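Colleague: Just dropping this structure here.
FYI, it's all coordinate maths here, none of it is from the lab. Computed from a prediction, not measured in an experiment: that's the story for all the values here. All Cβ positions, glycine included, derive from the backbone under ideal geometry; neighbour counts span all protein chains shown.
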Amino acid sequence: METGSPHDTGTAATGGPAVPGGEEPGWIALPPGLLRMRLLLLVVWLGLLTLATALVPGLLAGPGWAAFALLPLALLVWGRVMLERNWRSWRYAERADDLLISRGVLWREETVVPYGRMQLVEVTSGPVERHFGLASVQLHTAAAATDATIPGLDPAEAERLRDRLTELGEARSAGL
């Protein structure tokens, strides 16, 4: 079967789903603010764990036991690499009839949410996200398995996406 035929269900060269007509969807990556926020949280939590791991055994059992603090530091280095790989894997694309969301490093997950199936589109932003100027778009459908989230967007982009998806969802559900 040739690539790009209407019956092609394979993936395109970039790892995304094949699109009828052979055209690639216009993938949009997440902004770097999400990576910065997650890295800061990693440093804070593992920094506290490193400090606790160095102080408690060091004071109670002797300075040699403070070497256990190297474990959280190794986790910090590994965690930084994993967070960056995960951040790079997230992307989304708006197509004519649906929204594609792709994520995952080891286990790729691609979610297709048809506009006509969307029941609720909301923008959320917790205190840490607000501090970094980020927001998430959460999509709800009738089937819980197809609910999806796009994290770490610029608030203006999140609101634009919410409004567009809501408009397209209403048009599709009305049969227009």
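Colleague: Could you tell me the calculated FRET efficiency between residue 74 and residue 170, based on Cβ-Cβ distance and R0 = 41 angstrom, to the nearest 0.05?
Modeller: The pair residue 74/residue 170 has a calculated efficiency of 0.20.
Colleague: Projecting each Cα onto the charge dipole of segment 55-176 (Lys/Arg +1, Asp/Glu -1 at the beta carbon, about the Cα centre), which of 136, 76, 118 comes out farthest on the positive side?
Modeller: 76
Colleague: In addition: Over the residues of segment 40-176, compute the C-alpha Rg and express it relative to 2.2 N^0.38 Å.
Modeller: 1.47
Colleague: What distance in nm separates the simple spin-label points at residue 60 and residue 156, each placed 7 Å from Cα in the Cβ direction?
Modeller: Result: 5.3 nm between the two label points.
Colleague: Also: Using the Cα centre of segment 34-176 as the reference point, and only Cβ charges (+1 on K/R, -1 on D/E), how large is the resulting charge dipole? Debye, rounded to the nearest 20.
Modeller: My answer is approximately 500 debye.
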